[in-house]
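See below for the structure under consideration.
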Amino acid sequence: MSELDWPLLVGLLTLLALAGRARPEALIAGAFVFFTIVWRMLAATVVDGSGPFWSSQLERYIGGDGGGAVYLFAWALTGLLVILPFAASGAPVSALAPARVTRGATLGDLAFWAAFLFLVALYGDMLQRGTIPLFEGMERYDYARNVAGPLHLWLFEYGGVVAFALGMFCVLGARMEARLDLRFIGLIGMLYVYAFLTGHRLSAFYVFFAYFLMPFSAIPLSARLGCPIASRLPARQLKLLSWPALAVAACAAATLVAVALLNSYLTVRAADEDAISKVIERIAVQPVEIWWPTWERTFTRAEDDQQLALRAMFEDPIDNTRNTGIQYLMWMLLGDSRTRELILTQGVMFAGGYPEVLFEIFGPHLGWAALVGLSLLYGLALRQIAYAVLRGQVLTALSGTYMLFTAGLLFIGGMLNWLVAWTFWLKFATFLGAVMIETWWLARFGAPLIPWTFSRRSVAAGAR
C-alpha cells in the first residue's frame with residue numbers, strides 16, 4: 001500500500017481542474033482523453049493506494065508498491081500538455097461573422113436528413129435480420145461477427161467521427177442562426193439507443209458522448225474571443241447548457257451505461273457466478289493492470305528491450321491490422337501461444353497501453369520526451385478543430401477529427417502502429433490541405449468555403 005498516492009491524486013487533479021477552468025474549451029474538445037485521464041488516475045490510485053489487488057487476466061497481484069505515482073504523473077502531464085496549446089491567442093474576432101437567421105434550406109438541414117436516413121436504414125437492417133442482442137443475450141462481438149450488416153460495422157468503425165459531425169451541426173446552428181439545432185441531440189440519442197440494443201457497454205457510449213461533445217468547445221472559445229455564442233441563444237436553450245441540465249444528462253447517460261454493463265455481466269454472462277466482482281475488476285483493475293509489469297521491467301529492473309519492442313510493434317506484430325502496442329505488452333506477459341490464442345482466436349485484447357508503450361520503446365528517460373511531444377501535437381490538432389468549428393470550416397473540422405480518431409487510440413489503448421500506415425498520413429495531408437484552403441478562402445472572401453445556406457434569404461439574428 002502506498003500512502004502518498006491519494007494526496008498526490010488530489011493535488012494533480014486539482015492542478016488539472018485549475019488549468020481546465022482557465023481554458024474550458026480544452027476540456028470539452030479533449031473530453032475523449034480527459035475522461036480516460038481521470039478514470040485511469042482514479043483506478044491506479046485505488047490499486048496502488050489500497051492494494052495489492054489480484055488481476056485475473058495477468059494471474060498475479062498488482063499495485064501497493066509505489067509504482068502508481070509515476071503513472072499518475074504521466075497522465076497528469078499528458079492532460080496539462082493537451083490544454084497548453086489552447087493558451088495561445090487565436091483568430092481575431094473580426095474573422096467571425098454575425099449570426100444569421102436563414103429563411104430556406106441550410107447545410108444543417110442536409111446533414112440532418114442524411115444522418116436521419118442513415119439511422120432509419122440502420123434500425124431497419126437490425127430489425128430485418130431478426131436479432132436484437134439485448135433481448136437475445138448475445139455478446140456484441142458475436143453479433144458483429146455473425147449477424148450484423150455493413151451499416152452496423154461501418155458505424156462502430158467510424159462512430160466517433162459520426163458523433164462529432166452531429167455535435168458540430170448542433171453547434172453550427174447556434175453559431176449561424178443563434179439557436180442550437182436540437183434535432184442533432186435527438187439523433188445522438190438514437191445512436192445511444194441503438195448501441196444499447198446491440199449489446200454495447202461502456203466504450204461505445206463513451207466514444208459517442210466524447211466526440212459529440214467535442215464541437216461544443218466552440219462555445220466557451222467564442223466567449224474568450226469576445227463574441228459569445230451563448231449570449232445569442234434563446235433563454236430556453238441556455239437552460240440546456242446550465243450545470244443542472246448537464247448533470248441530469250450525465251446521470252441519464254451513466255444509468256444507461258450501468259444497465260448495459262449489468263446486463264452484459266448478469267444476463268449475457270449469467271453462467272459466471274462471480275459476475276459482480278468481474279464488473280469491479282473491469283472498472284478498477286483492468287484499465288491499469290498492464291502498467292505494473294512495465295513499471296517493474298522498465299523503471300525498477302532496467303530490463304526493457306527497446307529493439308524487441310520496436311520489432312514486435314512495427315516489423316513483426318501478431319496482427320498488424322490491429323493495435324500492435326497492446327499486443328506486445330500482452331506477449332511479454334502471457335507468452336506467444338496464449339497471446340495468439342486470445343488475439344487471433346478469441347479476438348480479445350487487454351485494456352491500457354499508454355503510457356506503457358512509450359517507455360517500452362524509448363526507455364524510462366526518453367519516454368517522457370515522446371509523451372511531451374505526442375501530447376502537445378494532439379492538443380494543437382484539437383485547438384485547430386475547435387477554431388474550425390467556430391469559423392464554420394466544416395472540411396477542416398471533419399478531416400481533423402477523422403485524423404484524431406485514429407491518433408487518439410494511443411491514449412486509449414497504446415496504439416502507435418498508425419504512424420507507419422500510409423492511410424494515416426493521407427488523413428494528415430487531407431487535414432493540412434483543408435486547413436490551408438479554408439483559411440485562405442475565409443481570409444479572401446470573408447465567409448466559409450462551404451456555405452451554410454442554399455438560399456439568399458437570410459436576416460441578422462436580431463431582426464426576427
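The values are calculated or read from the model by the stated rules, or taken from the named source; none is laboratory data. This is a predicted model, so every value here is computed, not measured. Neighbour counts run over all protein chains shown; Cβ positions are idealised from the backbone, glycine included. When the accessible area is computed, the model is the full protein with side chains, heavy atoms only, and any ligands, DNA or RNA have been set aside. Shrake-Rupley method; radii C 1.70, N 1.55, O 1.52, S 1.80 Å.
Can you tell me what the convex hull of the Cα atoms of the chain projects to on average, as an area in nm²?
22.5 nm²
Expressed as a rounded percentage, what relative contact order does the range 313-367 have, with Cα pairs under 8 Å and six or more residues apart?
On the way: 38 pairs, mean separation 15.6, N = 55.
The normalised contact order for the range 313-367 reaches 28 percent.
Any number yet on Rg/Rh for the range 1-54, C-alpha, Kirkwood? Provide the component values of the computation, followed by the final result.
On the way: Rg = 12.9 Å, Rh = 12.0 Å.
Rg divided by Rh gives 1.07.
Could you report the accessible area of Thr255 in Å², rounded to 10, computed with a 1.4 Å probe on the protein chains as they sit in the structure?
Approximately 80 Å² of Thr255 is accessible to the 1.4 Å probe.
For Thr453, enumerate residues with amide H under 5 Å from its amide H, sequence gap 5+ or separate chain, H modeled in the peptide plane.
Here the answer is Leu107, since their amide H atoms fall under 5 Å of that of Thr453.
Please identify the DSSP H helices in the chain that span no less than 30 Å along the helix axis (Cα) and have a mean Kyte-Doolittle hydropathy of -1.0 or more.
Both cut-offs are met by 107-129, 356-391, 422-445.
Using alpha-carbon positions, what is the distance between the centroids of the range 158-222 and the range 316-338, in Å?
Rounded to whole Å, the Cα centres lie 34 Å apart.
Net charge near Leu380, counting Lys/Arg +1 and Asp/Glu -1 over other residues with Cβ under 15 Å of its Cβ?
So the environment of Leu380 carries a net charge of +1.
Only four residue types carry charge here, +1 at the Cβ of Lys and Arg and -1 at the Cβ of Asp and Glu. Report the dipole size of the chain about the Cα centre in Debye, rounded to the nearest 20.
Roughly 2660 debye for the chain.
Given the options Gly446, Ala223, Gly11, identify the residue whose Cα lies farthest towards the positive end of the charge dipole of the chain (+1 on Cβ of Lys, Arg; -1 on Cβ of Asp, Glu).
Final value for the positive-end residue is Gly446.
Which value at 222 nm does the chain reach when only helices count, each DSSP H run of 4 or more adding -39,500 (n - 2.57), with the total divided by all residues and rounded to the nearest 500 deg cm²/dmol? Please report the intermediate quantities before stating the final value.
Values: 23 runs with 292 residues, N = 464.
It lands at -20000 deg cm²/dmol.
Charges at C-beta only: +1 for Lys and Arg, -1 for Asp and Glu. How large is the resulting dipole of the range 139-256 about its Cα centre, in Debye rounded to 20?
Rounded to the nearest 20 debye, it is 400 debye.
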